[in-house]
Amino acid sequence: MEMNTAKIFAEEWITAWNSHDLEKIITHYADELEFYSPFIHALKFNDLGVIKNIADLRKYFEIGLKTYPDLHFKLHNYFVGLNTIVLYYTSVSGRIASEVFELNELGKAVKVYCNYTTELSKY
């Protein structure tokens, strides 16, 4: 992955979430995917902690946006791999987050691993 491609993905992803525009958010994800997050269970979406299709991901994101109406992410950095990008940012309730995105040839996420600290951000 080129650094410029990663930068654009990171900035557009953060901007989409901060706009609370579900249509802009969902454009970053492939129709079939694996999306892992501890919030899936915490928001009582399912007990597995994984979502495998865009329809369920859309429903989950709707719940998240309603649960956190003041949601605002702050990007601190991003890291580039071969077909991956890691976003390091402040997430909901001031928690530090790191998300690993595996992207397909169209630049859409096909695997996502969400990770959060238990401490509040110092940023």
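Taken together, the values in this text are just the output of simple stated rules run on the coordinates, not laboratory data. Not measured: the values here are computed from a predicted model. Reconstructed Cβ throughout: ideal geometry from the backbone, glycine too, with neighbour counts over all protein chains shown.
Table for the structure above
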{"read-out": "Matching label, mean projected area of the Cα convex hull in nm² computed from the structure shown, candidates (1) 7.9; (2) 6.9; (3) 8.7", "value": "(2)"}
{"read-out": "Label-point separation in nm, I54 to K24, each point 7 Å along Cα→Cβ", "value": "1.9 nm"}
{"read-out": "Net dipole in debye of the chain [+1 Lys, Arg Cβ; -1 Asp, Glu Cβ; about Cα centre; nearest 20]", "value": "340 debye"}
{"read-out": "Relative contact order (%) - criterion: Cα under 8 Å, at least six apart; region: the chain", "value": "25 percent"}
{"read-out": "Chain lengthening between N83 and N4 when straightened (0.36 nm per residue, less Cα-Cα)", "value": "27.1 nm"}
{"read-out": "Gain in span if fully extended, K66 to Y36, counting 0.36 nm per residue against the direct Cα distance", "value": "8.8 nm"}
{"read-out": "Longest site-free stretch - the chain; sites: GluC sites (Glu not before Pro), DSSP loop, at most 11 other Cβ within 10 Å", "value": "3-104"}
{"read-out": "Virtual spin-label span in nm between V92 and N46, 7 Å along Cα→Cβ", "value": "1.8 nm"}
{"read-out": "Rg(Cα) / (2.2 N^0.38 Å) computed for segment 68-123, rounded to two decimals", "value": "1.20"}
